[in-house]
Structure formats: structure tokens, C-alpha cells
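Presented below is the structure to which this report refers.
The values are calculated or read from the model by the stated rules, or taken from the named source; none is laboratory data. Here the structure is a predicted model, which means the values were calculated and not measured. Cβ coordinates were reconstructed from backbone atoms using ideal geometry, including for glycine residues, and neighbour counts include every protein chain displayed. Keep in mind that these areas ignore ligands, DNA and RNA; they rest on the heavy atoms of the full protein, side chains included. Shrake-Rupley method; radii C 1.70, N 1.55, O 1.52, S 1.80 Å.
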Amino acid sequence: MEIKKNQEYIVEIIDNGYEGEGIAKIDGFTVFIPGTIKGEKVKILIVKVLSSHAFGKVLEILELSETRQEADCSTYKRCGGCNLRHIKYEETLKMKQNAVQSLVNKTLKNKVEVQETIGMENPFHYRNKAQYPIGINKEGEPVIGVFAQRTHDVIPMEKCLIQNPKSEKIAKTILQFIKDNKISIYNEKTGKGLFRHIVIKVGIKTDEIMCILVVNGKSIPKEAQLVEELTSKFPQIKTIVKNINMRNTNVILGKENINIYGDGYIEDVLGEYTFKISPLSFYQVNSVQAEKLYNLGVEMAQITKQDTVFDLYCGIGTITLFMSKYAKKVYGIEIVEEAIKAAKENAKINNVDNTEFYAGDVEVVLDDLINNKGISADIVMFDPPRKGLDRNSINNILKIKPKKIVYISCNPATLIRDLTFFENQYNIKTIVPVDMFPFTSNVECVSVMCIK
């Protein structure tokens, strides 16, 4: 049977894919259907056909899965920010475990058993960082919210169940100020207009708040008035930063920050350590789960006072400091210079004196440490971006043969790909998924390898 666009079918959902989408087969041909759950029977419309698979959309659910729940968000279907709100939380944890296990089974020689996903006790309002694009609605009014799935249309913000409620209140106050003072909104097509984004960071343990105003220009009309209004209404605001982004890009933050209130940073506490967070520095957006993730990584590493550790992609030194307590010495490497500056300050704030930080491309700095400076490591820890590790770094790690490697990953596909390069020389002991982003299809993993 030839599958054609705009045809209707009744199908059984036989599995869920890596993005949480339902999978059906029509005469052996694979069809992906977002918003469906394994075990359901649905009536679908084919919306796209490719040579190897097709995509469908739900017209009617004929038989419901017992794991389905009523989505608790009014913008859920359009937003795409959390694409699993129609599934009971415990089931989403199993789905994430199964998705990682499926990658292991397809790719690795060592069919390691993926552990159960570590979930949250309260999987709501967990984000400590909110990024609100500002747009214009059909009536010509400024709105803030989230981008609609696969577009740059701004969906006006309703009550978001993953953002911190304080972020929402502050953003709405700024929006009202923009409206009252008729301040222009940035237009991606023309490159004209001032306000682009509002970014808010909240210290979950300290209750300190940073407000970042992303603008296409150098000055904000009635800037002092805006600062006064925000700080009097929200005394938890410790700093307000004007971020200049005049490039025609979809990157949210520009490189220039001007402090218009406070020192340009906030602090938060993770585990027993205090961290200084700046506008451009990376800090895990789910502090509750980050603590579990880092403790798990350190526990798996079984570091001793005789061990030298490399922490690659160290950011502002969060896991570096977690490991420093147990290690002889920890070297942190990170490409973002501002993050390394913060990492050094964080070590100082916490009276940690057995860390050394290097700013630069991990591939280049690691190569220099190993091959020019002659520094080796007993344990290597890394938490790379979604693209995973580069081959040169993998080869250098294999060259120094650390007794243990701990790989923290935000992308199971590149994690499993990279593990294939290690499994001839290392035993992959375990892979543990951690739910850093409840009700989304994203999953973080911690994997530990021991030399054979």
C-alpha cells in the first residue's frame, strides 16, 4: 500500500520514539505521530511522506492509554516547550529509560542495562532561568511568551508550569512598562526596534534574582524609572543587566553587558558550595536535579586524595568544586572565558585551593595539557554540549588511560556514539538517566567507564 499525504488511517501505536512521539506501522512503513502513546488506537491524517517514513497528526483517539492524562496547560499543544504533558509523570520516566536503552541495544557491543530514570519529587516550576521573547500580536500590541513550535511566532504567556512564578511576574511588569512607554519591539525581518528578550535567573536557595534586558541598541527610554519600578516591586532583584545584541541572529544574548543595577551577578547554593552566576555563564536550569546529577557523578567516580581529575566543559566550576573535596587536584577546562573567570571566583568564595582552570577550546587545551605540559589524570569527567566529544579529545583521553571516565550527557544519541570509541579499552559499568527537564523528551545521563 502506498502511503500518501492527506490520507486518513486508523493505526495502533506500537512504541514511542526518542522525542516522545508515537510510532505506528502501515504495511511495515513507519509513521511518527506526535501526542500519542504506546498502546493507543488512533485515527490519523498523513501530513508528510518521506522515502523511509511518514508523519501523521491525530484526528481522533479511539482507544486511550491508561497512562494518558489531561494536559494541564492551555498553550501546551502550540508551545512545544514540554511535549509530554499528556502523559503521567511516572510513565515519562520509563519512556526516557527505554529510549536510552534502545540506543544502547542498537549501537553498543556491551549491552549495558540502563538504570531507572531519577525523577523529581515535585516536577513543577523547576526552571531557574526563563527566556521570554517579545513580539507583536495581530492587534499590534507587544506580547511576551514562548515561541510556537518550529516558528518564531510568540505565543502570549499564560501560567507556565515549568517556569519559576517570580520570573513570570517580573517579565509581565517589564512588558507593561514597554506598553505604557510605547517602547519599540525588535522585528527580526527588518532588524529595527529595541526590545528583543527578557531573561531572568533565580537563585533557588538564595532567592536572589538577575534580570537581563536584551536590546537592539545602547539605551532604554526611561531606564532609571524602569529600574526603580522593578527593584521597589521585587526586592529580591539583586542586579539588572542591559545586554546589547545588535546582530541579526537567533542567539538570544549578545556579548556586551552593562550593569544598570547591582554588580551584574547573583549567587546560588548547590550542595555545600556557593556559586556566582553571571549573564553569560552556564548554570544548570534545574538546581534540584543538578545537585542529584553532580552527586551521582562524584559518587560514581569514587575519587580519592591520590587522584588527579580533568573536568572538561566545566562551566562555572560546579562539578569541579563538588569533586575537589575528594581529589588531590582538579583541572577544569571551558571555552567561555567569563565562565572560567567565575569558576576561579567560585573556588575562592568556597576556599577551594586544589583546582586550576583554563579558558579555551577543550580540544586544544586538553591536547596542550597532555602533550606539552605532560599533565595526566587518574579520572576524567566531562559534560559536553549536545554535539558530544571531538575525536581528538577522545584520542587524548585514550592516550593517558585514566582508570575511570565519567560522562555526563544532555544528548543520549551522542553519548552512545562516543561510548563506542571507548568500549574496546573500557568497561561501561552503568548508564543512569536523570530527569533534568520533566514533561519534556530531553534526558540527561551519567555513565561511568572503568579501564579493562
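Table for the structure above
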| quantity | calculated |
| --- | --- |
| Complete set of residues in segment 8-19 that are over 16 Å from Arg68 (Cβ atoms), at pLDDT 95 or above and of a type outside the set (A, V, I, L, M) | Glu8, Tyr9 |
| Selection within segment 399-409 - open to solvent by 10 Å² or more (accessible area, probe 1.4 Å) and either at pLDDT 95 or above or at positive phi (or both) | Lys401, Lys403, Lys404 |
| Answer residue from segment 2-19, given it is among the hydrophobic types (A, V, I, L, M, F, W, C) and outside any strand (DSSP E or B) and is surrounded by the fewest Cβ atoms within 10 Å (Cβ to Cβ) among those | Ile14 |
| Gly22 vs. criteria at pLDDT below 90, open to solvent by less than 80 Å² (accessible area, probe 1.4 Å) and in contact with a strand residue (DSSP E or B) (Cβ under 6 Å, 6 or more places away or on another chain) | no |
| Checklist (1) at pLDDT 95 or above; (2) under 25 Å from the mean Cα position of the chain (by Cα); (3) open to solvent by less than 80 Å² (accessible area, probe 1.4 Å); (4) more than 30 Å from Tyr132 (Cβ to Cβ) applied to Thr92, failing item | (4) |
| Tabulated pairs, segment 24-36, first under 19 Å from Asn83 (Cβ atoms), second acidic (Asp, Glu) and outside any strand (DSSP E or B), C-beta under 9 angstrom, 6+ apart or interchain | Phe32/Glu19; Phe32/Glu21; Ile33/Glu21; Pro34/Glu19; Pro34/Glu21; Gly35/Glu21; Thr36/Glu21 |
| Within segment 196-209, tally of residues that are hydrophobic (A, V, I, L, M, F, W, C), more than 16 Å from Glu256 (Cβ to Cβ) and open to solvent by less than 10 Å² (accessible area, probe 1.4 Å) | 4 |
| Test: residue in segment 33-42 that is more than 28 Å from Pro123 (Cβ to Cβ) and in a strand (DSSP E or B) | yes |
| Test result for Val47, in a strand (DSSP E or B), aliphatic (A, V, I, L, M) and surrounded by fewer than 16 Cβ atoms within 10 Å (Cβ to Cβ) | yes |
| One residue from Lys201, Lys179, Lys172 being of a type in the set (Lys, Arg) and farther than 26 Å from Phe282 by Cα | Lys179 |
| Residue in segment 287-305 that is of a type in the set (Gly, Ala, Ser), closer than 23 Å to Leu369 by Cα and not in a helix (DSSP H, G or I) present | no |
| Strands (runs of 3 or more DSSP E) wholly inside segment 125-233 that include at least 2 residues being more than 26 Å from Phe275 (Cβ to Cβ) | 129-136, 142-147, 154-156, 195-202 |
